[in-house]
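A short write-up of the structure that comes next.
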Amino acid sequence: MPRVSRNRRLELLAIGTAAGVFSGLFGVGGGLVMVPLLVLWLGYDERTATGTSLAAIIVISAIGATTQAFYGNLHVDDGLLVGIPAVAGVLLGTWLQQRVRDRSIALLFAAVLLASAVELVLR
């Protein structure tokens with residue numbers, strides 16, 4: 001494993017903390033927080049940022065779901081009904097991502113974020 005500089009380690013810790021806070025508050029963190037920060041702060045390309053975020057989400061989602069369960073905010077059956085077909089979706093999305101230019105991925109992601117923001121403001 002390559003040695004990671006102190007600054008890079010601190011940036012990764014800050015990104016993880018931000019993603020965790022957003023995950024706990026809003027149920028989002030990886031795609032909306034971690035991916036943009038990995039790209040902007042650390043210079044990751046879109047694909048590597050996405051893969052790294054998905055790996056981190058394993059830990060975040062397990063701890064987050066457990067914590068939410070203690071507060072009575074977890075419906076396991078509904079989670080499975082959403083999560084199981086999401087496996088097919090992530091396989092399709094990853095397959096598509098490998099066939100689209102990096103710039104197109106970034107623009108599409110920005111459009112989704114913008115549309116989400118507008119929807120939240122107008123709601």
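Odds and ends about this structure:
- Listed candidates (1) 1.03; (2) 1.15; (3) 0.95 - label of the one calculated as Cα Rg over 2.2 N^0.38 Å: (2)
- Only Lys, Arg, Asp and Glu carry charge here, each on its Cβ (+1 for the first two, -1 for the last two); on that basis segment 15-123 has a dipole of about 240 debye about its Cα centre.
- Residue-averaged 222 nm ellipticity for the chain, from DSSP H runs of 4+ at -39500 (n - 2.57), nearest 500: -27000 deg cm²/dmol
- Full-stretch length increase - V87, V21 - with 0.36 nm per residue and alpha-carbon distance subtracted: 21.3 nm
- The local environment of A65, defined by Cβ-Cβ distances under 14 Å, has a net charge of -2 under the rule Lys, Arg +1 and Asp, Glu -1.
- The residues of segment 1-40 expose, per residue, 68 Å² of accessible area to a 1.4 Å probe.
- Of the listed residues V59, V39, V121, V90, the order by accessible area with a 1.4 Å probe, largest first, is V121, V59, V90, V39.
- Length released on extending from R3 to L54, taking residue separation times 0.36 nm less the Cα-Cα span: 16.2 nm
- Amide H to amide H, with H built 1.01 Å from N, V28 comes under 5 Å of S23, counting only residues 5 or more places away or on other chains.
- Summed residue charge, Cβ within 14 Å of V39's Cβ, Lys/Arg positive, Asp/Glu negative: -2
- Here the gap between Q68 and W41, fully extended at 0.36 nm per residue and compared with their Cα-Cα distance, gives a gain of 6.7 nm.
- At least 20 Å along the helix axis (C-alpha) and Kyte average at least 1.6, DSSP helices within the chain: 102-122
- Taking only protein heavy atoms and a 1.4 Å probe, the accessible area of the chain is 70% carbon and sulfur.
- Listed residues G51, G93, Y71: farthest to the positive end of the dipole of the chain (Cβ charges): G51
The values are calculated or read from the model by the stated rules, or taken from the named source; none is laboratory data. Because the structure is a prediction, the values reported are computed rather than measured. Cβ atoms come from the backbone with ideal geometry, glycine included; neighbour counts cover every protein chain shown. Accessible surface is based on the protein model in full, side chains and every heavy atom, while ligands, DNA and RNA are left aside. Shrake-Rupley method; radii C 1.70, N 1.55, O 1.52, S 1.80 Å.
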